[in-house]
Protein chains: 4
Amino acid sequence: MIKSETAKTPLVDIQSSEDKRNIPIDRVGVRQVKYPMHLRIKDNGMMQTVGLFTLTVDLPKHFKGTHMSRFLEVLGEHNHDMTAETIPLILQRLRERLDAETSHLEVKFTYFREKAAPVTGKKGMMGYECGFVASGGATTDFEILVTVPVTTLCPCSKEISDYGAHNQRGYVSVRVRPTPDNVLWLECVIDMIEACGSAPLYPVLKRPDEKFVTEQAYNNPRFVEDMVREVALAFDKDDRILSYEIEVENHESIHDHNAYAYLKRDKSNL
Amino acid sequence: MIKSETAKTPLVDIQSSEDKRNIPIDRVGVRQVKYPMHLRIKDNGMMQTVGLFTLTVDLPKHFKGTHMSRFLEVLGEHNHDMTAETIPLILQRLRERLDAETSHLEVKFTYFREKAAPVTGKKGMMGYECGFVASGGATTDFEILVTVPVTTLCPCSKEISDYGAHNQRGYVSVRVRPTPDNVLWLECVIDMIEACGSAPLYPVLKRPDEKFVTEQAYNNPRFVEDMVREVALAFDKDDRILSYEIEVENHESIHDHNAYAYLKRDKSNL
Amino acid sequence: MIKSETAKTPLVDIQSSEDKRNIPIDRVGVRQVKYPMHLRIKDNGMMQTVGLFTLTVDLPKHFKGTHMSRFLEVLGEHNHDMTAETIPLILQRLRERLDAETSHLEVKFTYFREKAAPVTGKKGMMGYECGFVASGGATTDFEILVTVPVTTLCPCSKEISDYGAHNQRGYVSVRVRPTPDNVLWLECVIDMIEACGSAPLYPVLKRPDEKFVTEQAYNNPRFVEDMVREVALAFDKDDRILSYEIEVENHESIHDHNAYAYLKRDKSNL
Amino acid sequence: MIKSETAKTPLVDIQSSEDKRNIPIDRVGVRQVKYPMHLRIKDNGMMQTVGLFTLTVDLPKHFKGTHMSRFLEVLGEHNHDMTAETIPLILQRLRERLDAETSHLEVKFTYFREKAAPVTGKKGMMGYECGFVASGGATTDFEILVTVPVTTLCPCSKEISDYGAHNQRGYVSVRVRPTPDNVLWLECVIDMIEACGSAPLYPVLKRPDEKFVTEQAYNNPRFVEDMVREVALAFDKDDRILSYEIEVENHESIHDHNAYAYLKRDKSNL
């Protein structure tokens, strides 16, 4: 069982040994990699946040394994500039270092932007859970993930009740594939979604603001079905968007389960 | 580095070897143990659910380690009857098997009960996240954990707005220490808490029910501060309760953060 | 803004009102529904566990909304018998009650089975996270989800080190589509996966068992790449399986990130 | 039910109205507030990360509620410099703005630092989950939270097995109260903890590094009990530390549950 010392100089590269099972693997790599990242944002700025990465490549059938440490080395070289233009370069570098046909990157992060209250203009930072999913090489793809919390007020509850209407926090999660020639900023996707809720959420609301958003929500009741359709209409009108998936999940204030709607659309098929 | 075969017959009990660091350990054992459990409920029934257990004992300074497999053996002997009366027996068995002074058990589980809609009477099952925290031996204690989701409607939003009022799902989490001589059923704690919200939640609500709870919530606005105080008043009045902690967290429909209130009280100090 | 009382008798069905946005929705329904469930298991037994359900139907473009309470009513009628044969009946009932073309059910639950230690035979219950994903109506499908924790010992670490080898808990998550004519029990999928690790996990291991599994793992080193391939070979050989996805994630003991491999295969394309 | 417009000018401050329930509340405020933060680190640098905040004050018995928006305003003024010296200023500002006796802040964040592989020196960033818990006013306190992942190799498995030994990722979570006159950097706490594992974890390990840490772990077997004791010994020797709690949780590679040890010690009681 014990291997002789001499057999191990230099250290054997087990991963590169031949595999005879004849099974190529779609994706091999590292996951749940927490890493600091700098995100390029609209108007040429940069913001710093924390990324949770999955980095993979394909593995041909004749190799036993990939070389996991190289993924971290490539990430360490490129975490200082993440954007739709630089991610293809990271993907290319992964293919080179790992000797692969296809490479794949997924990253999730909190994107912050300043947001002012609707009446008093009081400002605070609001965070949005966002992400990128990208492939390069034999398959090329780039998708943007954005989750936006909104207020939704139930149209049925409003209609049937003598006063009041149940409302709640809802989450709109979209996966958007932009056209190759356009830049689609996270900011723009968030704006489109926030316009579709009964009311947007805010970090700071003083009393006049609270009155404003309460009445705004009551004046704009939305089912999850309405939310999905309104976001779809906005995405359909936007030429920067090729295809999309929309999920809306309302954390119903009258139930302990959620109301849910899902829509997937490839505009090239319309 | 390689140990001779003969040195290992019979298998050494490393855990029982002497430790010279002179440090007794408060709690040693197993955690995140998922196990089926049978819970005794009010009116002599039993319900089956899934428990997530932490089982520990104290470790005297002269022992290197505890014997982890015995915790699972004791759990396997006793998971068929969990209740305020049987948990002390499990704790006693843990002390015997582990040769310990003090034993400790924590378990979290979903407790289900049937709940009828307020107008139509339509029934469904509603789940509540509950738990027990118990110690036996040198220290003896028993506490009940219950989390109840409720509707909360904002008194400020109602007062300042011409119509509507923001409301949301809130979670009331309590930790209650009953008096030793009384039985305090999960059902009773849940009932006390549900009575304190703007409205309770339900698994099934038809239109007449939805109208009812919408108006009920509008008629009973509650801040997190109100919730904590109302639950405290109910617990203060109940002789079965010795001491308690109450946490209320509203998933505000107008913010992406939560409103929060916390109160801890030992009634023997009043 | 205030609606007259008379306008509301009987209560209006807002959901059934006409929608002019011309957008059919793929899936509308309820999510994160926690409900007790009875699962039919191999050898004609039943086990009780806790299900986390998503239930949806399609929504034609001319309806404003679905009727969310009916999903809970159907679930309440059918949670007492979940299996590959009964789920199509639930799906059919959903289509009837919601007047829909297609219905969809997803459920996740912990499946428990007794497992004996490899040498001493000491028994305990071991839980596995499992699930079903099923569609009925215009689209018909049924898939089984199973996650199995295993020990994986690194072939590279073993080969290059003079003694020892890093190993860790890994999770194999599969999504399997059985052939329509066969019954594929969760038990069988779990067995196939556990046979592919460096060693299986156990609820109870006494010292002779611990020696056994330690040496077993050292004798059977496995990369995530090996795991994915071994499981694929087992699934390829099994006629009850039409297509599958396999994900393996090792919680590396030498890193704070995970090693990952993913393979998707439709056997009809081979 | 409908309130006249005139009754609402200016907007009533419901929160400040008198409460007659006679119940002061320990803590009222906001929770799950995600906000960008700048953390002062050793050697005068600053790092930017994402904080998850809980901010509370006490609420006297005669007030109905607190003013939630002010917490966000104070956070927005101070998130650009978080450290042991600036947090008391934030706490003071909270008391002023909320007219409170006691204020409380909790924040959790990922702290990153560069870490070099032990043989090749290859560098990468490694993240650690950290936090601060602080009170100011009538009660003054400051505690540091640090969670460090480590490798742990089982002494029993090593001793009884002819070859190999099960090892796994473990998590050491400490809550440390420094002496008021000393600065205790996160970096120092992390270093003390990493020295106690069978081996530390690294972001990047090449083959010579992997050989090194594999053998290092095999040469330094540690139970959770050993981990807790070794960290306690290190904390006992360090004059900057007044009191501490240590939790170690091993994600056992041979079980699907965790091994666990917990120790709490106030050095002033020694």
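The values are calculated or read from the model by the stated rules, or taken from the named source; none is laboratory data. Worth saying up front: this structure is predicted, and the values here are computed from it rather than measured. Cβ: placed from backbone, ideal geometry, glycine included. Neighbour counts: every protein chain shown.
Odds and ends about this structure:
- Strands (runs of 3 or more DSSP E) within region B:53-163 that include 2 or more residues assigned by TED's automatic domain parsing to the domain that holds B:GLN32 and farther than 30 Å from B:ASP26 by Cα: B:102-116, B:123-137
- Counting only residues that are at pLDDT 95 or above and more than 10 Å from chain C (Cβ to nearest Cβ), region A:59-71 holds 1 of them.
- Pairs with Cβ under 7 Å, 6+ apart, first in region D:252-270 and surrounded by 17 or more Cβ atoms within 10 Å (Cβ to Cβ), second part of a loop (DSSP other than H, G, I, E, B) and of a type in the set (A, V, I, L, M, F, W, C): D:ILE254/C:LEU201; D:ILE254/C:LEU205; D:HIS255/C:LEU201; D:ASP256/C:LEU201
- Residues of region A:135-160 satisfying the condition of being of a type in the set (S, T, N, Q) and either surrounded by fewer than 24 Cβ atoms within 10 Å (Cβ to Cβ) or touching a Leu at 6+ places or on another chain (Cβ under 7 Å) (or both): A:SER135, A:THR139, A:THR140, A:THR147, A:THR151
- Odd one out for A:GLU106 among (1) within 13 Å of chain D (Cβ to nearest Cβ); (2) touching a Gly at 6+ places or on another chain (Cβ under 9 Å); (3) of a type in the set (Asp, Glu): (1)
- For region D:172-270, the helices (runs of 4 or more DSSP H) that sit wholly inside it and include 2 or more residues that are more than 17 Å from the chain's Cα centre (by Cα) are D:207-219, D:224-237.
- Flag if D:THR151 is touching a strand residue (DSSP E or B) at 6+ places or on another chain (Cβ under 7 Å), polar (S, T, N, Q) and within 21 Å of D:VAL33 (Cβ to Cβ): no
- Residue-level check: of (1) closer than 30 Å to D:PHE71 by Cβ; (2) within 12 Å of chain B (Cβ to nearest Cβ), A:GLU249 misses just (2).
- Scanning region A:11-53 for residues that are facing chain C (nearest Cβ under 10 Å), of a type in the set (A, V, I, L, M) and touching a strand residue (DSSP E or B) at 6+ places or on another chain (Cβ under 7 Å) turns up A:ILE25, A:VAL28, A:VAL30, A:VAL33, A:LEU52.
- Scanning region B:219-235 for residues that are aromatic (Phe, Trp, Tyr) and either closer than 14 Å to B:ILE193 by Cβ or touching a strand residue (DSSP E or B) at 6+ places or on another chain (Cβ under 6 Å) (or both) yields a count of 1.
- Looking only at region C:191-222, and only at residues there that are within 11 Å of chain D (Cβ to nearest Cβ) and of a type in the set (Gly, Ala, Ser), the one that is farthest from C:ASP238 (Cα to Cα): C:ALA217
- As for region B:76-96, it holds no residue that is buried (at least 18 other Cβ atoms within 10 Å of the Cβ) and touching a Lys or Arg at 6+ places or on another chain (Cβ under 6 Å).
- Qualifying residue in region C:223-232 (condition: more than 9 Å from every other protein chain (Cβ to nearest Cβ) and over 28 Å from B:LEU11 (Cα atoms)): yes
- Inclusion of D:TYR171 among residues that are touching a helix residue (DSSP H, G or I) at 6+ places or on another chain (Cβ under 9 Å) and in the same structural domain as D:SER157 (by TED's automatic domain parsing) is not warranted.
- Per-region count, region B:116-126, residues among the basic types (Lys, Arg) and crowded, with 19+ Cβ neighbours inside 10 Å: 1
- No other residue among B:ARG175, B:ARG207 is more than 24 Å from D:GLU18 (Cα to Cα), of a type outside the set (A, V, I, L, M, F, W, C) and in contact with a strand residue (DSSP E or B) (Cβ under 9 Å, 6 or more places away or on another chain) apart from B:ARG175.
- The listed residue being in contact with a Leu (Cβ under 8 Å, 6 or more places away or on another chain) and either among the hydrophobic types (A, V, I, L, M, F, W, C) or without any contact (Cβ under 8 Å) to a residue 12 or more places away in the chain (or both), out of D:LEU39, D:LEU72, D:LEU89, D:LEU55: D:LEU55
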